[in-house]
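Below is one structure, written out as structure tokens; comments come after it.
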Amino acid sequence: MRANKFSLFTVLLAILFLSISNLSFAQPIDSTETTTTEAPADASSSTEEVPATEEASGEGNADEAALHVLGQEYYETYCQSCHEWDKKVTGPPLKGAIVHWEQEELYSWIRNAPKMIKEGHPRGVALFNEYKTYMTAFPQLTDDQLKALEVWLVKGPIGGPPPPPPCDDPPCTEDPVPASNIPVKTILWILLITLGIIALMLGRVSKVLRKTVAAKTGEEVEESTPWLSRLKSPAFLIAIAMLALIFGAYKTVDLATNLGRQKNYAPAQAIAFSHKLHAGQNQVPCQYCHSGAAKGKSAVIPSSNVCMNCHLQVNKGPTGNSDEIAKIYAAVGWDPIEKKYIENYEEMPAEEAKAFFTTWLKNDSIATYSDEQLRAVENQVQKPVEWTRVHNLPDHVYFNHAQHVTAGGVECQTCHGSVEEMDVLYQYSNLSMGWCINCHRNTEVDFAGNEYYSIYEKYHKEMKEGKRTGVTVEDIGGTECQKCHY
Amino acid sequence: MSQNKYWRGIEEKQQTEQFVKQSAKEFAEDLPMLDAIAAEKALPSNRRNFLKMLGFGITSATLAASCTQPVRKAIPYTIKPEEITPGVASYYASTFWDGLEYASILVKTRDGRPIKLEGNKSAELTNGGTSIKAQASILSLYDTNRLDAPRKINGDSINKETWANIDEEITAKLKANPSGNYVLVSSTIISPSTKALIKSMQAKFPNFKHVTYDSNSASGMLEANKESFGKAMIPKYHFDKAEVIVGLDADFLGTWISPVEFIAQYAKGRRVSEKKPKMSRHFQIEARMSLTGCNADVRVPVKYSEIGAAALALLKKLGGSDANVPPFDGSEQITKIAKELKAAKGKALVVCGSNDKNIQLVVNAINNEIGAYGTTIDTGTACNLRQGLDSDFTSLVNGGKTDAIFVHNCNPVYDSIMGDKFAKLLAQSDLAVSFNQTLDATARACNYACPTSHFLESWGDAEPYTGMISLQQPSITTIFDTRQFQDSLMVWSGMNKGMSISYPKPAEVDSTTNANGELEIAVNDGGVELNSNPKDYQSYLTAFYKGKLSGKSWTKALHDGVATMASAPSAAATFTASNINQGVVAMLNVGQRANGPELELFEDTKIGNGMYADNPWCQETPDPVTKTTYGNYVMVSPRWAMDNGVKDGDVLKVSANGYSVDVPACVQPGQKMNTFAIPLGYGRKFGGRASRDIRTSWGTTAKDMGRALGVDVNPFKSRLILSGVSIEKTGLNENLAQTQTHHSINITQPVNLKPGEESHDEKYRLKDRTVIREMVLDNLKDDIHDLHEERHFYQHMIEDYSIYKGHEQEYSQGHHWGLGIDLNSCVGCGACVTSCHIENNVPVVGKVEVERVHEMHWLRIDRYYSGNEENPQVVFQPVMCQHCDNAPCENVCPVSATNHSSEGLNQMAYNRCIGTRYCANNCPFKVRRFNWYDYWGADSFPWNEHKGNSVNTELGRLVLNPDVTVRSRGVMEKCSMCVQRVQLGKLEAKKRGEKLKDGDIKTACQTACPSDAIVFGDMNDKKSEVSKYKKSGRNYVMLEEINVASSVNYLAKVRNLKKDEIV
């Protein structure tokens, strides 16, 4: 009786824990403001796996493979700023484009597209109507170069998605659906459950068979305890309850320590700024914009005047749209038509300023903008840009960028991940204390290169004597409380 | 010197029952544990209750935890100013001048908001020193009590107005009658450009008058000097050059003229080392125990009425007078002082704080006799810090109706002895305008309140001494809709549009010769153009200094904060003896008559004339002498208290001049028998929340703000009342929020004994504990030897009995931080306490909490008395966490929230702390502070906040240091040795790739100190200042006998006493 009560209590407790751990620590982030993307990590890993297919379709032709590599190079040099493989940007996607062109036609198109459009080439006119822009002419390209590009167009980007299957029918639009996207884990589960069912069935069958055999031979069959009463036995209940308790408690603690951590947090920003474009494609160094990282505590979100250093010239994004860049102009008061700052912008009536930028956008010859986009630009008029902080440390943590960037020489990517590949910036590390401490334990200090560390005489001596290969951050007190908490 | 028996207050000396009970405990009050246990026993405690509690607890935790994460915004500048990097502090040189006290300062701003004031080391005058007021003045910037816009006042109806409307109305009134009888009443203005502006006003309005009103005036001195030198001026004193200093009722380390500057000089003259066993000798003749008196080698208590007699007696002994001096208590000491003054001719200095012209004349004669003029007193450099002549103000008040009165930076309706008359004058005049920042008593008596900006929002200049310029620049844009008063004057007089100012001629050659005799041409002013038609005060100011500064461009001067005028200083004034005897004899008659109680009403070092009553930091910093916070008191002598059965907090009725107040008594050792003193500045009717008694104030509107802290003593109508004073007991008792025996280390008496019981067992006697060590200059060698022996004994003991052997190895490389404090330089002014408070986001707790010993100061100044109660010797000792390498607090923490760093710092991880307070119990120095409430509003639940203080507002929190965690309720905190500064200093060195230099890192207490008593540095660096302190013969550490290996090194105090004077 006592045991029963105890087990009941334990079961209740376990259920409590379980429900809490599953319900409450889900920790939703305000969904109206932000979108959580877990995708980036997956997407990048799936693209990485692809190159193997290239060899299979390469037919072992070394020449062609070399041309393919060259083609990739030319693509990156000449085409990439307007074309992507499988996405509409300034120009059409290049995937499958080859099927629309004869070789001669293609060469002259690349060498002088505007001419062909003016001459009324049907495909050229159709493209112009769709994209509202002339493709830049590349008269300097040689036949060899164009040949390489042609091969590239057939085979697709190196390290990119597989080239389209040869398709005879011109309107080849549908991509073949990937064979299976089901994760291994699910397959394993399904396997496990199936096997379990089979095992149960087999057990049942063998029991029935044994019974029948016994009945036939006339042996006495031992009456087994019924299943249900076995399940009700206190020992079983306690065992289950204890297991659940342990699991629940573990889950609770685990999830509780994760409270407030926002790994993979990728909020929507006031401006759809792409690090992939700026840091990746255009190779702007991190500290060009985040100039505070070398100087002090904060890496600094660049002020709009820093954006203007480039966007004085660049007023179109890779898709040909100007609305995101117009937000910067609206904030600082840049007149993109006259190419000068609007005088006394702050005193300009807000309505007038709003109208100025929307009119500019509406007159855009290439892109059209939805009302929503126009409103977003209007909202930015005469106001600083309100970015959403992605990396949030608790108030009781003191973190200084300069300590790591300037003194420690740590790469930005060590903590922030491959920002240059992120279209939408997300939090790469979990920024937990354990994560910090681990790095402090493993990272060696540049002892020889900085005169400051000369005061650690013992370590220098030990290194000289060969007793020590290096000094980690931990060795000089990098894991002590008041290095980060004061 | 045999170590004196020290006591901190009368209660300790007399070992009152309450004191004995309290001093044995770490925390003043018991937790209601027995009640809690009883209550728990009454509860039917069973599993069901357990489950209920569990369910509730977890559900509420779940609810709290499952809230969405807040979305935090980061908003960068649109156009970022080049000099600002978010997260990196910028410093701007500026000037602190509140009308009474001057200091050159650096303003530390973070992300555009000022968060800390530091002393400016490049200012020769104040040498990087500050004071309580200067430190705390930054909080006045974020004071919600400040006027947010101009007001139009008509009796009780006070309406917000726009500047445009007010400008229109006032301009119209002034234009209508340009020859009207206009008066500007202000505290001393030391700004040359403002004075020039006022002159221009006078050119525009021929009857525009400027009356300087100082609440703490030096009128007597100015008048006396006019007679002696033909010029109403204050000379420049050099305390550092004097070997014998006599203070005659002059609190020159506290409130007299320029305390920050004087403390620096005084400390310089008293710096002692084994190599230079020489220091100045300081006599102080006074009735009230002042901060200066506390520091004197020999203090002679003399009644207020007999100060004049003392001065005359001194002059007579020096041979400068043959007047008949009546006998007075203390006259035998005068002979000795005179003898020493005579012996130190040319190296002696006598200063007097009396506002009696006759006494000042006598003092001038004394200084002439001892050859002070030209040596310790520079009459060629005039001090501009006090310009108000009481007679000017009196004649204004008695002179009848004026057409317009403008009041700037003073509150005469409250703090003048003729306040009611001045209020009447304001009411009579057609136009009364107040520039004061708050709606104080004077502003309420005016028609318009046109708030001037805070000095951190303003442009300005200052000339504390002739030729020495100190500049002031805004470090933040105006928070409220305020306007500098100079701008207001310019607008109302029309000077902002078309003003013909006759600029003083630029210096003819804008060049100087440097030390090598080479000619240095001044750098051209970077981009500042001479604006002959300034539209505002800023451009007026830059134009004003065009070519006037010697060897410095305007930009450079602004950067440095200080500069010198190019024009040559005037020649020294010569002393002309005048017939002083007649006047003095007349005065002495008064002295002879007075035998009854005498009452002084004085300005203290933290609230001043009431200007800082609304500043919580000033209120919370204990008065250096009485150790009282929040509210005033009447200082009574211990003998008088004993005779009348009065103890601390007994409310006395003090009556004189037909006015009386009920004020609690503060028994002050050293106070002359039958003299009484009450600080001014309290009991303000129209103060803000900080100056209110929080027991009665919880609201925000004026109505429910409750009664003011302390009592208003200005209506006594005199600052010194020598007759007709009566003191009666009321039988009431009020708690003084006095910290003198809080956190006391019991050093005089046996503990754990029943009252009356004596222990002869030496181990119970704690009197020999190493807390304070003193030496006598005459006996320095022997004293150093004794201290060495004593320390050797302790260290020997440590080696034999230590359980912490071998620990010192751990700090043998890298840094080992330590502090050095020279008790001989420390004058106990308290600037470090306030500075520490500000730097480390230490909360303000309010009066009630201070009474419960809950004050949070990380750094306290212990003030010990020794000797006779009627005239004790005093020593001040700043005590902060000693950062013991064998810290007793660390090994009792159950969660290891406090532990040791490899650099020798005793660290505190607030987020780990669960508030058991074991560490505080185990701390021998009693430096750990527990957060009983959420004082800053750091907790997430608003109802959990401590409402008792006025810092806890959105605006007030702007002053918080972003590099230091704001602690929440229930955690322990203590001095971190400014670890944020240590880390920053190390980082800067690493970034430069250089070794850290001694002096690169300075703690907040160190930068605030006007006497350079505190040094911080690396004890592993054998050349650092702190290592030098450690090597000094006077060095000792507190409680060395308990072997905690503390990192704070004290240098013993040295008294310049003759052998027969040793107590």
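Please state which one of B:Asp322, B:Asp297, B:Asp329 is touching a Phe, Trp or Tyr at 6+ places or on another chain (Cβ under 8 Å) and either among the acidic types (Asp, Glu) or over 24 Å from B:Val874 (Cβ atoms) (or both).
The unique qualifying residue is B:Asp297.
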Open item on the list: Can you find, within segment B:944-973, the residue that is modelled with the highest pLDDT among those that are assigned to a helix (DSSP H, G or I) and crowded, with 18+ Cβ neighbours inside 10 Å?
Closed with: B:Val959
TODO: Scan segment A:353-363 for residues that are under 12 Å from A:Asp323 (Cβ atoms) and open to solvent by less than 30 Å² (accessible area, probe 1.4 Å) and jot them down.
DONE: A:Phe357, A:Thr358, A:Leu361
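Residue by residue, here is whether (1) in contact with a Cys (Cβ under 7 Å, 6 or more places away or on another chain); (2) more than 9 Å from chain B (Cβ to nearest Cβ) holds:
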| position | (1), (2) |
| --- | --- |
| A:Glu386 | no, no |
| A:Arg389 | no, no |
| A:His396 | no, no |
| A:His401 | no, no |
| A:Cys412 | yes, yes |
| A:Met422 | no, yes |
| A:Gln427 | no, yes |
| A:Ser432 | no, yes |
| A:Ile437 | no, yes |
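Could you say whether any residue in segment A:314-328 is of a type in the set (Val, Ile, Thr), more than 12 Å from chain B (Cβ to nearest Cβ) and not in a loop (DSSP other than H, G, I, E, B)?
First, pick out the residues of segment A:314-328 that are of a type in the set (Val, Ile, Thr): A:314, A:319, A:325, A:328.
Narrowing the set further to residues that are more than 12 Å from chain B (Cβ to nearest Cβ) leaves A:314, A:319, A:325.
Checking the rest, the ones that are also not in a loop (DSSP other than H, G, I, E, B) come to A:325.
There is at least one residue in segment A:314-328 that is of a type in the set (Val, Ile, Thr), more than 12 Å from chain B (Cβ to nearest Cβ) and not in a loop (DSSP other than H, G, I, E, B).
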- [ ] Report yes if some residue within segment B:171-184 is over 21 Å from B:Asn411 (Cβ atoms), modelled with pLDDT of 90 or more, under 36 Å from the mean Cα position of the chain (by Cα) and buried (at least 19 other Cβ atoms within 10 Å of the Cβ); otherwise report no.
- [x] no
TODO: Pick out the one residue from B:Ser1011, B:Ser976 that is assigned to a loop (DSSP other than H, G, I, E, B) and more than 12 Å from chain A (Cβ to nearest Cβ).
DONE: B:Ser1011
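Residue under question is A:Glu338, and the condition is that it be at pLDDT below 90, within 14 Å of chain B (Cβ to nearest Cβ) and either surrounded by fewer than 15 Cβ atoms within 10 Å (Cβ to Cβ) or out of contact with any helix residue (DSSP H, G or I) (no Cβ under 9 Å at 6 or more places or on another chain) (or both); does it hold?
Values: at pLDDT below 90: yes; within 14 Å of chain B (Cβ to nearest Cβ): no; either surrounded by fewer than 15 Cβ atoms within 10 Å (Cβ to Cβ) or out of contact with any helix residue (DSSP H, G or I) (no Cβ under 9 Å at 6 or more places or on another chain) (or both): yes.
No, not satisfied.
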- [ ] Please identify the pairs in which a residue from segment B:51-76 that is within 15 Å of A:His391 (Cα to Cα) has its Cβ atom under 7 Å from the Cβ atom of a residue that is at pLDDT below 85, counting only partners at least 6 apart or on another chain.
- [x] B:Gln69/A:Gln27; B:Gln69/A:Ile29; B:Gln69/A:Gly260; B:Val71/A:Asp30; B:Val71/A:Glu33; B:Val71/A:Thr34
Task: Evaluation of B:Ser1032 against (1) away from chain A (no Cβ under 14 Å); (2) on the phi > 0 side of the Ramachandran plot (one fails), failing number - done: (2)
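Rundown of residues vs (1) in contact with a Cys (Cβ under 9 Å, 6 or more places away or on another chain); (2) surrounded by 21 or more Cβ atoms within 10 Å (Cβ to Cβ); (3) polar (S, T, N, Q), yes/no style:
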residue: B:Leu425; (1), (2), (3): no, yes, no
residue: B:Ala432; (1), (2), (3): yes, yes, no
residue: B:Thr442; (1), (2), (3): yes, yes, yes
residue: B:Gly467; (1), (2), (3): no, no, no
Open item on the list: Looking only at residues that are farther than 28 Å from A:Thr257 by Cα and under 32 Å from the mean Cα position of the chain (by Cα) in segment B:890-911, which one is surrounded by the fewest Cβ atoms within 10 Å (Cβ to Cβ)?
Closed with: B:Gly904
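Please return the ranges of strands (runs of 3 or more DSSP E) entirely within segment B:846-923 where 1 or more residues are within 14 Å of another protein chain (Cβ to nearest Cβ). Give the steps one after another, and end with the answer.
On the way: elements: B:860-866, B:873-879, B:898-900, B:906-908.
In segment B:846-923, the matching strands (runs of 3 or more DSSP E) lie at B:898-900, B:906-908.
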Open item on the list: Quick check on my filter: what residues within segment A:359-392 are among the aliphatic types (A, V, I, L, M) and at pLDDT below 90?
Closed with: A:Ile366, A:Ala367
TODO: Report, ordered by the first and then the second residue, all pairs with beta carbons closer than 7 Å, sequence separation of six or more or different chains, a first member in segment A:473-486 that is facing chain B (nearest Cβ under 7 Å), and a second member that is among the aliphatic types (A, V, I, L, M).
DONE: A:Ile476/A:Val445; A:Cys481/B:Ala909; A:Gln482/B:Leu905; A:Gln482/B:Val979; A:His485/A:Val397; A:His485/B:Ala909; A:Tyr486/B:Val964; A:Tyr486/B:Val979
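Which one is nearest to B:Arg299 (Cα to Cα), of the residues in segment B:334-378 that are among the charged types (D, E, K, R) and touching a residue at least 60 places away in the same chain (Cβ under 8 Å)? Spell out how you get there, then give the answer.
Taking segment B:334-378 first, the residues among the charged types (D, E, K, R) are B:336, B:339-340, B:342, B:345, B:347, B:356-357, B:369, B:378.
Still in the running and touching a residue at least 60 places away in the same chain (Cβ under 8 Å): B:340, B:347, B:356-357, B:378.
Details: B:Glu340: 15, B:Lys347: 20, B:Asp356: 22, B:Lys357: 24, B:Asp378: 26 Å.
Once the filter is applied, the top-ranked residue is B:Glu340.
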TODO: Exactly one condition in (1) in a loop (DSSP other than H, G, I, E, B); (2) within 14 Å of chain B (Cβ to nearest Cβ); (3) touching a residue at least 24 places away in the same chain (Cβ under 8 Å) is not met by A:Ile366; state its number.
DONE: (2)
Task: Which numbered condition B:Gln1006 fails, given (1) crowded, with 23+ Cβ neighbours inside 10 Å; (2) part of a loop (DSSP other than H, G, I, E, B); (3) more than 9 Å from every other protein chain (Cβ to nearest Cβ) - done: (2)
Open item on the list: Only one of A:Cys310, A:Cys286 is closer than 30 Å to B:Asp963 by Cα and more than 14 Å from chain B (Cβ to nearest Cβ). Can you tell me which?
Closed with: A:Cys286
TODO: Considering only segment B:88-133, state which residues are touching a residue at least 60 places away in the same chain (Cβ under 8 Å), over 30 Å from B:Ala382 (Cβ atoms) and not in a strand (DSSP E or B).
DONE: B:Asp111, B:Gly112
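Yes/no matrix, rows are residues, columns are (1) open to solvent by less than 20 Å² (accessible area, probe 1.4 Å); (2) modelled with pLDDT of 95 or more; (3) out of contact with any strand residue (DSSP E or B) (no Cβ under 7 Å at 6 or more places or on another chain):
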{"site": "B:Ile245", "(1), (2), (3)": "yes, yes, no"}
{"site": "B:Asp249", "(1), (2), (3)": "no, no, no"}
{"site": "B:Ile257", "(1), (2), (3)": "yes, no, no"}
{"site": "B:Tyr266", "(1), (2), (3)": "yes, yes, yes"}
{"site": "B:Lys275", "(1), (2), (3)": "no, no, yes"}
{"site": "B:His282", "(1), (2), (3)": "yes, yes, no"}
{"site": "B:Thr292", "(1), (2), (3)": "yes, yes, no"}
TODO: Only residues that are open to solvent by 40 Å² or more (accessible area, probe 1.4 Å), in contact (Cβ under 8 Å) with a residue 24 or more places away in the chain, in a helix (DSSP H, G or I) and more than 21 Å from B:Arg992 (Cβ to Cβ): list them for segment A:273-300, please.
DONE: A:Lys276, A:Gln281, A:Cys286
- [ ] Report yes if some residue within segment A:455-463 is more than 29 Å from B:Asp998 (Cβ to Cβ), within 14 Å of chain B (Cβ to nearest Cβ) and modelled with pLDDT of 90 or more; otherwise report no.
- [x] no
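Does B:Ala372 meet the test of being out of contact with any Cys (no Cβ under 8 Å at 6 or more places or on another chain), open to solvent by 10 Å² or more (accessible area, probe 1.4 Å) and on the phi < 0 side of the Ramachandran plot? Outline the logic, then answer.
On the way: out of contact with any Cys (no Cβ under 8 Å at 6 or more places or on another chain): yes; open to solvent by 10 Å² or more (accessible area, probe 1.4 Å): no; on the phi < 0 side of the Ramachandran plot: yes.
Answer is no for this residue.
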TODO: Only one of these is of a type outside the set (Phe, Trp, Tyr), modelled with pLDDT of 90 or more and surrounded by fewer than 21 Cβ atoms within 10 Å (Cβ to Cβ): B:Lys401, B:Lys317, B:Lys342. Name it.
DONE: B:Lys342
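The values are calculated or read from the model by the stated rules, or taken from the named source; none is laboratory data. Here the structure is a predicted model, which means the values were calculated and not measured. Please note: Cβ atoms are built from the backbone with ideal geometry, for glycine as well, and neighbour counts cover all protein chains shown. Ligands, DNA and RNA are excluded from the accessible area calculation, which covers all protein heavy atoms including side chains. Shrake-Rupley method; radii C 1.70, N 1.55, O 1.52, S 1.80 Å.
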